[in-house]
Amino acid sequence: MPHVMPDTQATMKRLLRGTLLRLTSPRLITAGLKPGTSTDTPVRRIVVVRPDHLGDLLFATPALAQIRVAFPDAHITGLVGPWGKAMWEGNPDLDTLQVVRFPGITANSGGGILGPYRLLRATARRLAAEKYDMGIVLRFDYWWGAALLAAAGVPTRWGYNTAGVETWLTNSTPYSPGKHEVEQNLALVDAVLAGEKVKPTRPIHTQVNRSKGIPQMRPPKGSEPTTGLLVEWLTADRRVVIHPGTAAANKLWTIEGWAEVASRLLADGWAVALTGAPNERILAEAIEQAIRKKSDNTNGCLVNAAGQTANLQQLVWILARATVVLGVDSGPLHIADALGRPSLHLYGPSDETIWGPWGNPHMHRAFRAPNTHSTMQLDVGSPELEGGPEMRAITPDMVMAEVRALVR
């Protein structure tokens with residue numbers, strides 16, 4: 001078989017995808033309007049597409065606030081995956097929240113090769129009946145979301161000018177590699193307002209400053225857990241939350257690493273709470289067992305609350321009461337930042353420039369092992385409990401040095 005260059009492969013893949021889209025969604029045959037085209041119709045209904053997980057949805061909340069200020073009377077709908085719904089649920093900048101099991105985001109999308117196209121057709125029919133005037137795709141590489149808006153007949157469609165996405169948009173703006181996602185989303189919304197000649201009735205934002213956390217992210221409101229599991233932890237003077245889990249296995253640290261750090265903190269009199277979703281309970285239990293084997297380090301309180309919180313709001317409540325929050329690149333760590341809690345994020349395959357903490361870098365620290373670099377390759381859905389080589393290069397001594405700098 002002749003060698004095919006990656007660019008050629010990508011072009012061929014996009015052509016095949018376009019053919020399948022047009023076969024399954026006839027409206028797309030005539031949907032390819034030229035970039036820059038818009039309508040003079042007043043914007044009364046807006047749909048915002050963000051298919052990602054918790055952290056990305058949190059990063060998008062300043063953009064949602066900007067859209068709301070610019071279109072105060074419009075009905076704004078958020079379109080999210082079930083895995084991210086809790087982050088935008090109750091957000092005052094949205095009027096409604098709809099869930100779509102977006103293909104390509106989790107490891108098991110299902111439906112075979114034609115599954116994404118059948119889902120697009122069914123979802124487009126539903127959106128078409130809701131008669132949106134404008135759609136905004138906040139993820140830079142999500143062609144399915146852009147094609148969905150086109151298939152639904154949304155007349156004005158905004159997003160980034162990336163390959164495979166721009167095809168289905170009426171208006172696009174450049175995507176700037178290496179820019180933080182909060183800034184990226186805000187730049188897109190700024191382009192929307194300029195392109196639509198919107199004149200907000202009040203200022204949207206005066207500045208964007210990552211090191212100061214401006215504009216602020218909006219996490220969900222907290223809700224006190226009903227379990228009494230955390231009573232002793234809450235009464236301690238120094239409380240640390242360790243949230244070791246994340247969606248991609250190669251972003252995880254090591255079980256022994258967390259056990260060693262927790263043991264040292266316990267020996268210093270800290271109260272330690274392990275947190276996580278129900279599907280992260282196995283990881284938390286492995287860490288808890290490793291901690292308890294270090295029997296000489298039991299001066300503090302150790303609580304395993306992973307899987308014990310009923311929803312994200314209860315986890316938010318716990319994070320808000322931590323003195324320090326430790327973890328990897330994950331949504332809950334970014335929630336801690338939004339709550340103003342000192343935090344340490346461990347990075348390996350993901351890029352902290354793009355997905356790092358939003359706020360004071362001394363208070364919300366991003367750390368990676370020396371001589372390691374982001375690969376931008378994530379093992380979503382892997383059953384592994386420990387991360388890849390970039391994460392394994394991080395030692396407990398490195399982490400403790402960062403913790404000491406954080407609490408100083």
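Key figures
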item	result
Members of the range 225-249 that are among the small types (Gly, Ala, Ser) and either touching a Ser or Thr at 6+ places or on another chain (Cβ under 9 Å) or crowded, with 22+ Cβ neighbours inside 10 Å (or both)	Ala236, Gly245, Ala247, Ala248, Ala249
Qualifying residue in the range 188-201 (condition: assigned to a helix (DSSP H, G or I) and open to solvent by 50 Å² or more (accessible area, probe 1.4 Å))	yes
Matching entry among Pro370, Pro389 (being over 21 Å from the mean Cα position of the chain (by Cα), exposed (fewer than 15 other Cβ atoms within 10 Å of the Cβ) and under 15 Å from Glu352 (Cβ atoms))	Pro370
Members of the range 308-328 that are of a type in the set (Gly, Ala, Ser) and farther than 19 Å from Glu232 by Cβ	Ala310, Gly327
Subset of the range 39-86 [of a type in the set (D, E, K, R), within 20 Å of the chain's Cα centre (by Cα) and not in a helix (DSSP H, G or I)]	Arg50, Asp52
Sole exception among (1) at pLDDT 95 or above; (2) assigned to a loop (DSSP other than H, G, I, E, B); (3) open to solvent by 40 Å² or more (accessible area, probe 1.4 Å) for Glu260, by number	(2)
Enumeration of residues in the range 281-293 that are open to solvent by less than 40 Å² (accessible area, probe 1.4 Å) and either among the small types (Gly, Ala, Ser) or over 18 Å from Trp233 (Cβ atoms) (or both)	Leu283, Ala284, Ala286, Ala290
The range 315-370, residues that are under 16 Å from Ser211 (Cβ atoms) and among the β-branched types (Val, Ile, Thr)	Thr353, Ile354
Matching residues in the range 311-345 - criterion: being among the β-branched types (Val, Ile, Thr) and either touching a His at 6+ places or on another chain (Cβ under 6 Å) or open to solvent by 20 Å² or more (accessible area, probe 1.4 Å) (or both)	Thr323
Residue count for the range 43-86, restricted to those that are touching a residue at least 24 places away in the same chain (Cβ under 8 Å) and either of a type in the set (Lys, Arg) or under 19 Å from Thr201 (Cβ atoms) (or both)	20
Residue within the range 346-358 that is in contact with a His (Cβ under 7 Å, 6 or more places away or on another chain), within 27 Å of Asp237 (Cβ to Cβ) and either crowded, with 16+ Cβ neighbours inside 10 Å or aliphatic (A, V, I, L, M) (or both) present	yes
Selection from the range 87-98 of residues that are outside any loop (DSSP other than H, G, I, E, B) and touching a residue at least 60 places away in the same chain (Cβ under 8 Å)	Met87
Restricting the range 50-106 to residues that are among the β-branched types (Val, Ile, Thr) and within 22 Å of Pro278 (Cβ to Cβ), the residue that is most open to solvent (accessible area, probe 1.4 Å)	Val99
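Listed here are the residues, each with its yes/no results for (1) in contact (Cβ under 8 Å) with a residue 24 or more places away in the chain; (2) over 25 Å from the mean Cα position of the chain (by Cα); (3) closer than 22 Å to Glu352 by Cβ.
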| residue | (1), (2), (3) |
| --- | --- |
| Thr170 | yes, yes, no |
| Lys197 | no, yes, no |
| Arg202 | yes, yes, no |
| Lys212 | yes, no, yes |
| Pro215 | yes, no, yes |
| Glu224 | yes, no, no |
| Leu252 | yes, no, yes |
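The values are calculated or read from the model by the stated rules, or taken from the named source; none is laboratory data. Everything numeric here is computed off the predicted structure, so don't read it as measured data. FYI the Cβ positions are ideal-geometry reconstructions off the backbone, even for glycines, and counts take in every protein chain you see. Calculation scope for accessible area: heavy atoms of the full protein, side chains included, ligands and nucleic acids excluded. Shrake-Rupley method; radii C 1.70, N 1.55, O 1.52, S 1.80 Å.
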